[in-house]
2 protein chains.
Amino acid sequence: MVKKIVQEGLEAVEKQLRDIVKSDVDVLQDAGLHIIRSGGKRLRPQLGILAYLAAGGQDVARVIPMSAAIEMVHTATLVHDDINDHSMTRRGQITVHARWGRTFALLAGDYLFTKVYELMAPYPSEYNVIMADATTKLVEGETLQAAAAKAGNMDRETYKTIISRKTASLFEAAARMGAMLADAGEEMIEALAIYAYNLGLTFQIVDDILDIVGDPDTLGKPVGTDIAQNRGVMATQNGGLAVQEAVAELEDDPIARMMANLRESGAIEIARMQAEETAVRARNALTTLPLSPARTEMENLIEMVLDRQN
Amino acid sequence: MVKKIVQEGLEAVEKQLRDIVKSDVDVLQDAGLHIIRSGGKRLRPQLGILAYLAAGGQDVARVIPMSAAIEMVHTATLVHDDINDHSMTRRGQITVHARWGRTFALLAGDYLFTKVYELMAPYPSEYNVIMADATTKLVEGETLQAAAAKAGNMDRETYKTIISRKTASLFEAAARMGAMLADAGEEMIEALAIYAYNLGLTFQIVDDILDIVGDPDTLGKPVGTDIAQNRGVMATQNGGLAVQEAVAELEDDPIARMMANLRESGAIEIARMQAEETAVRARNALTTLPLSPARTEMENLIEMVLDRQN
């Protein structure tokens with residue numbers, strides 16, 4: 001039953017995402033629809049909907065624009081990330097900048113950011129404050145990552161700050177606003193926010209591990225992209241530095257060699273342990289919530305994030 | 001007296017712009033402060049303040065965050081524009097992308113967009129709807145411009161659509177929200193919105209003329225940049241096409257030659273007439289307002305925009 005409600009909610013989110021990018025400026029609409037239609041896990045809007053239901057919300061329509069806005073922030077940053085990373089494929093599709101060129105990709109990303117704002121505008125101020133804050137943190141996280149990659153200086157502490165801001169903050173915002181829209185009490189809102197924040201950390205660590213050990217066909221994107229950008233494995237001690245040195249040493253396909261080295265170094269096992277640790281924190285946060293099908297779904301989500309292969 | 005109030009208001013806007021870009025992520029704060037400190041005419045926040053005063057507003061503090069947000073939208077787009085145009089200087093200063101590189105410039109522009117949102121979040125929904133709409137129009141206008149420049153297809157109608165969206169919409173939003181914050185009636189809000197919209201058109205046409213005939217030292221930026229991007233003179237009949245052909249014909253400093261051609265073609269006189277026409281519309285819109293020092297300032301602003309040399 002709750003699965004069906006979530007599914008219908010996600011379909012409504014999908015429709016809203018497609019409707020909101022409509023424009024008489026063809027390239028913006030085409031590029032917007034291209035990235036939206038290329039799919040994605042839609043984890044963030046799912047969190048908005050589930051938090052709303054777990055907090056006792058009865059009218060899922062209330063969380064749809066917010067959940068769509070959360071996914072749109074993520075989508076906008078993907079378009080800009082792909083410019084900065086020179087990525088040619090994403091989710092098994094050509095990237096916006098590969099297809100439409102850098103200028104239009106930059107503008108398409110900006111356009112999607114304005115659509116976040118349009119989706120959120122009808123909500124009261126406190127929601128817009130949360131969304132603005134999460135979006136700022138996301139951009140800060142991306143910037144810290146680019147700066148650390150450039151400096152070749154990515155220790156564990158820096159890595160944690162980066163994934164907290166670039167990923168966990170938006171997860172947290174989705175659940176927090178979902179709970180608020182259900183008029184949940186302060187304690188329940190915090191529990192759901194802590195759950196989502198830690199789920200975000202777990203998700204990102206697993207994502208970075210998959211960049212090293214994943215199967216490119218299953219992932220729908222090349223592996224080693226993050227490594228090539230000097231990031232991703234940085235949950236490990238001095239991982240970033242090791243990467244740089246490895247690249248400097250090796251001339252023949254350094255990324256493949258380095259990935260092999262990392263697989264053998266034990267770095268992945270350490271990262272995996274950290275993912276398990278943040279997953280425990282997510283699970284613990286849920287224990288204060290009343291039992292409900294939505295809570296069970298949220299528990300299942302932790303396992304899915306931990307076990308995913310793509 | 002009103003000049004002093006506006007001046008103090010603009011100083012408050014300036015302070016807010018500088019305060020809001022503070023971040024522990026150095027490059028975002030540094031790049032943000034760099035572009036803000038490089039100045040600019042601050043016409044848009046001035047419009048927000050003047051519309052508020054003309055509509056009888058008594059507490060200028062109410063319009064400061066909104067006016068700062070309006071200027072921040074403009075500032076964010078400048079950072080991204082300079083990436084797309086490969087501009088090295090702006091307002092006599094090095095551009096963000098020339099100094100920090102493309103990746104950080106893209107992120108810094110995104111960061112400034114999130115700060116728009118942060119500044120506006122405390123205002124009620126209707127203001128956020130107006131701001132989101134104006135920001136979307138701006139990005140659409142920029143995109144239409146890039147598309148027309150690429151296609152070498154910039155007729156007068158397209159040019160009008162472009163300047164309406166990329167410039168006039170934000171001018172209009174500033175005045176509209178200023179009037180609303182003063183609790184003005186519908187008629188007064190519309191009059192101020194029409195004034196600002198037409199002032200925006202006038203400003204942009206004059207700006208495009210200055211790109212051709214202006215003195216680079218006075219302007220603080222090289223002239224001919226817009227021409228080189230196949231835009232700017234497009235208020236003239238087939239101006240864009242003429243530009244393309246001219247570039248194709250001339251091998252030795254085509255831009256200088258083309259600018260000379262344009263100066264001699266009568267195109268600038270036609271553009272000038274259009275600027276005078278939109279200025280008349282701006283002036284007429286003000287006639288329905290009660291006489292006030294703020295209204296007089298707004299009238300003066302039209303002349304300043306028409307007569308400016310930089």
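The values are calculated or read from the model by the stated rules, or taken from the named source; none is laboratory data. Note that this is a predicted model, so its numbers are computed, not measured. A quick note on method: Cβ atoms are made from the backbone with ideal geometry, for glycine too, and the neighbour counts reach across all protein chains shown.
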- Could you say whether any residue in the stretch B:123-137 is more than 22 Å from residue B:82 (Cα to Cα), assigned to a loop (DSSP other than H, G, I, E, B) and either facing chain A (nearest Cβ under 8 Å) or without any contact (Cβ under 8 Å) to a residue 40 or more places away in the chain (or both)? yes
- Residues of the stretch A:23-47 that turn out to be in contact with a helix residue (DSSP H, G or I) (Cβ under 7 Å, 6 or more places away or on another chain), over 23 Å from residue A:62 (Cβ atoms) and not β-branched (Val, Ile, Thr), as a count: 6
- Given (1) within 8 Å of chain B (Cβ to nearest Cβ); (2) in a helix (DSSP H, G or I); (3) farther than 24 Å from residue B:24 by Cα, number of the condition residue A:203 does not satisfy: (1)
- Out of the residues in the stretch A:1-23 that are touching an Asp or Glu at 6+ places or on another chain (Cβ under 8 Å) and not hydroxyl-bearing (Ser, Thr, Tyr), which is nearest to the other protein chains (Cβ to nearest Cβ)? A:20
- Task: Give me the pairs, please: first residue somewhere in the stretch A:21-45 and buried (at least 22 other Cβ atoms within 10 Å of the Cβ), second residue anywhere and modelled with pLDDT of 95 or more and assigned to a loop (DSSP other than H, G, I, E, B), beta-carbon distance under 6 Å, and either six or more positions apart or on two chains.
- Result: A:32/A:21
- Item | residue B:142 in contact with a helix residue (DSSP H, G or I) (Cβ under 9 Å, 6 or more places away or on another chain) and within 8 Å of chain A (Cβ to nearest Cβ) | yes
- Message: Just to be sure before I move on: is residue A:162 within 11 Å of another protein chain (Cβ to nearest Cβ), in contact with a Gly (Cβ under 6 Å, 6 or more places away or on another chain) and assigned to a helix (DSSP H, G or I) in the structure I sent?
- Response: yes
- Message: Please go through (1) within 7 Å of another protein chain (Cβ to nearest Cβ); (2) over 26 Å from residue A:18 (Cα atoms); (3) surrounded by 23 or more Cβ atoms within 10 Å (Cβ to Cβ) for residue A:106 and return the number of the only condition it doesn't satisfy.
- Response: (2)
- surrounded by fewer than 24 Cβ atoms within 10 Å (Cβ to Cβ) and modelled with pLDDT under 95, is that true of residue B:6? no
- Give the stretch B:109-139 a look and list any residue that's among the aliphatic types (A, V, I, L, M) and surrounded by fewer than 21 Cβ atoms within 10 Å (Cβ to Cβ), or say none. B:129
